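Structure record follows, encoded as structure tokens.
The values are calculated or read from the model by the stated rules, or taken from the named source; none is laboratory data. What you are looking at is a predicted structure, and each value in this text was computed from that prediction instead of being measured. Cβ placement follows ideal geometry from the backbone for every residue including glycine, while neighbour counts extend to all protein chains displayed.
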Amino acid sequence: MICSEGTTFETGHLRCPPAILRQVCFLWRGLIQSNESLWSTISLTMGHWQGRAEEYLHTAVTDIITQSGTKPLWIQVHGGSNLSAILPAVLLLWDQMHRCTTAKMTNIGKD
């Protein structure tokens, strides 16, 4: 589950409000999924992503990229010393850099 305030696994955090809004009802799902602009912001805070949380993160980032279609992206990845745990998700984002209007990576390698 991703919610408007984000989802936390250990100390990892992914923020994506459209994912929860599409769960409200059938009508909202259609509206949210048809509006690529709503999916154009990805904010990821690194932490201790492990096990199933790593798989979830990879799946969630893939979903967000797919839902955003061809819209320009705003990506932020912040902090954490456990880069290897989220590297697959970061590589997915890296492949989309040509679409970015803003891409920020801060405090990488720090807790």
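Residue-wise test of (1) surrounded by fewer than 19 Cβ atoms within 10 Å (Cβ to Cβ); (2) among the basic types (Lys, Arg); (3) at pLDDT 75 or above.
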{"residue": "SER4", "(1), (2), (3)": "yes, no, no"}
{"residue": "CYS16", "(1), (2), (3)": "no, no, no"}
{"residue": "ILE32", "(1), (2), (3)": "no, no, yes"}
{"residue": "SER43", "(1), (2), (3)": "yes, no, yes"}
Those residues of region 58-102 which are in contact with a Lys or Arg (Cβ under 9 Å, 6 or more places away or on another chain), assigned to a loop (DSSP other than H, G, I, E, B), surrounded by 16 or more Cβ atoms within 10 Å (Cβ to Cβ) and modelled with pLDDT under 85 amount to GLY79
